[in-house]
Amino acid sequence: MTQCKAIQQSDEMFCAACGLRWDVNDMFPPECRPAPKRMVIGITGPAGAGKSTLAAYMSIAYGFERLDMALPLKMMLWELIEHYGPGDADRWVFGDKKDSPCPVLGHQSPRYAMQTLGTEWGRDCISTDLWVNTARNQIAATTSNVVIENIRFDNEAALCDRIIRITDRGGIEGEHSSENGVRRWDVSYSNVGTVCDMHAWFDYVAPLLEVRANTSRP
């Protein structure tokens with residue numbers, strides 16, 4: 001182990017890498033502790049498959065921090081619709097109007113706008129890794145296990161230690177590349193039952209994925 005690379009905060013030294021603190025006058029600072037191993041699990045599947053439902057359960061029952069790859073796109077559209085469009089942006093971006101023609105989007109749906117903003121603009125025009133790098137920065141900022149609830153491309157899957165595929169529910173019209181799915185996954189769930197069935201399935205496969213339950217849950 002090496003000595004901590006720390007910064008001074010008032011009368012303390014602090015190492016962001018391992019979380020250690022010690023007095024600024026300490027002549028023999030502690031050695032850096034190894035960073036805890038964090039697990040990143042990605043969920044892939046068509047729109048409406050149940051990815052967010054599973055991610056929410058993993059957060060509550062197992063302490064995972066949720067990461068939405070599409071959140072930057074949603075916030076960009078939210079600002080546009082709320083301030084320059086019909087308003088009520090929560091319904092258009094996050095709610096029941098996501099698949100409805102929107103006047104400020106040339107009567108295209110917010111879902112279509114997010115697909116093309118994320119892929120044709122973000123991936124094709126700016127950088128294939130634009131959203132991957134954004135997610136990587138978010139992962140680096142937490143020490144918790146992370147669940148990414150909408151893995152759509154292979155370079156996004158490369159962020160993850162494990163991939164869960166959800167099938168047999170959802171799907172939308174059209175053949176946009178963001179709906180093609182990824183080439184590898186570790187476990188697959190056929191979502192033909194209830195939400196409770198999904199929860200029970202994850203409890204069963206969690207040990208296979210080397211996931212531990214959140215013992216602090218109520």
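So that you can scan it fast, the table gives a plain yes or no per residue for (1) among the aliphatic types (A, V, I, L, M); (2) outside the structural domain of N145 (by TED's automatic domain parsing); (3) within 21 Å of the chain's Cα centre (by Cα):
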site: A47; (1), (2), (3): yes, no, yes
site: E82; (1), (2), (3): no, no, no
site: A89; (1), (2), (3): yes, no, no
site: D99; (1), (2), (3): no, no, no
site: P110; (1), (2), (3): no, no, yes
site: T119; (1), (2), (3): no, no, yes
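Which ones in segment 180-191 are in contact with a strand residue (DSSP E or B) (Cβ under 9 Å, 6 or more places away or on another chain) and either part of a loop (DSSP other than H, G, I, E, B) or free of Cβ contacts under 8 Å to residues at least 40 places away in the same chain (or both)?
Scanning segment 180-191 gives G181, V182, R184, W185, D186, V187, S188, S190, N191.
Yes/no per residue for (1) more than 21 Å from A61 (Cα to Cα); (2) modelled with pLDDT under 95; (3) not assigned by TED's automatic domain parsing to the domain that holds Y62:
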residue: M114; (1), (2), (3): yes, yes, no
residue: D124; (1), (2), (3): yes, yes, no
residue: T128; (1), (2), (3): yes, yes, no
residue: W131; (1), (2), (3): yes, yes, no
residue: I139; (1), (2), (3): no, yes, no
residue: R169; (1), (2), (3): yes, yes, no
residue: S190; (1), (2), (3): no, no, no
residue: W201; (1), (2), (3): no, no, no
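State yes or no: is L209 modelled with pLDDT of 90 or more and either touching a helix residue (DSSP H, G or I) at 6+ places or on another chain (Cβ under 8 Å) or closer than 30 Å to T128 by Cβ (or both)?
Values: modelled with pLDDT of 90 or more: no; either touching a helix residue (DSSP H, G or I) at 6+ places or on another chain (Cβ under 8 Å) or closer than 30 Å to T128 by Cβ (or both): yes.
In short, no.
Cβ-Cβ under 8 Å, sequence separation 6+ or interchain: first residue in segment 64-75 and under 17 Å from I126 (Cβ atoms) and in contact (Cβ under 8 Å) with a residue 12 or more places away in the chain, partner assigned to a loop (DSSP other than H, G, I, E, B) and of a type outside the set (K, R). Which pairs?
Matching pairs, first to second residue: M69/E149; M69/N150; M69/I151; A70/N150.
How many residues are surrounded by fewer than 16 Cβ atoms within 10 Å (Cβ to Cβ) and not charged (D, E, K, R) when one looks only at segment 97-115? First the steps, then the outcome.
As a first pass, look at segment 97-115 and keep what is surrounded by fewer than 16 Cβ atoms within 10 Å (Cβ to Cβ): 99-101, 103, 106-108.
Still in the running and not charged (D, E, K, R): 100-101, 103, 106-108.
Within segment 97-115, residues that are surrounded by fewer than 16 Cβ atoms within 10 Å (Cβ to Cβ) and not charged (D, E, K, R) number 6.
Given the conditions (1) in contact with an Asp or Glu (Cβ under 6 Å, 6 or more places away or on another chain); (2) farther than 29 Å from A61 by Cβ; (3) among the hydrophobic types (A, V, I, L, M, F, W, C), report the number of the one that W92 does not fulfil.
Evaluating W92 over (1) in contact with an Asp or Glu (Cβ under 6 Å, 6 or more places away or on another chain); (2) farther than 29 Å from A61 by Cβ; (3) among the hydrophobic types (A, V, I, L, M, F, W, C) leaves (1) as the failure.
Starting from residues that are assigned to a loop (DSSP other than H, G, I, E, B) and touching a residue at least 24 places away in the same chain (Cβ under 8 Å), keep the ones in segment 96-146 and report whichever is nearest to L77 (Cα to Cα).
The selected residue is D99.
So which of G63, G85, G118, G122 is touching a strand residue (DSSP E or B) at 6+ places or on another chain (Cβ under 9 Å) and surrounded by 15 or more Cβ atoms within 10 Å (Cβ to Cβ)? Steps first, answer last, please.
Working: G63 fails: touching a strand residue (DSSP E or B) at 6+ places or on another chain (Cβ under 9 Å); G118 fails: touching a strand residue (DSSP E or B) at 6+ places or on another chain (Cβ under 9 Å); G122 fails: touching a strand residue (DSSP E or B) at 6+ places or on another chain (Cβ under 9 Å).
Going through G63, G85, G118, G122 in turn, the sole match is G85.
The values are calculated or read from the model by the stated rules, or taken from the named source; none is laboratory data. What you see is a predicted model, and the numbers here were worked out from it, not measured in a lab. Cβ atoms come from the backbone with ideal geometry, glycine included; neighbour counts cover every protein chain shown.
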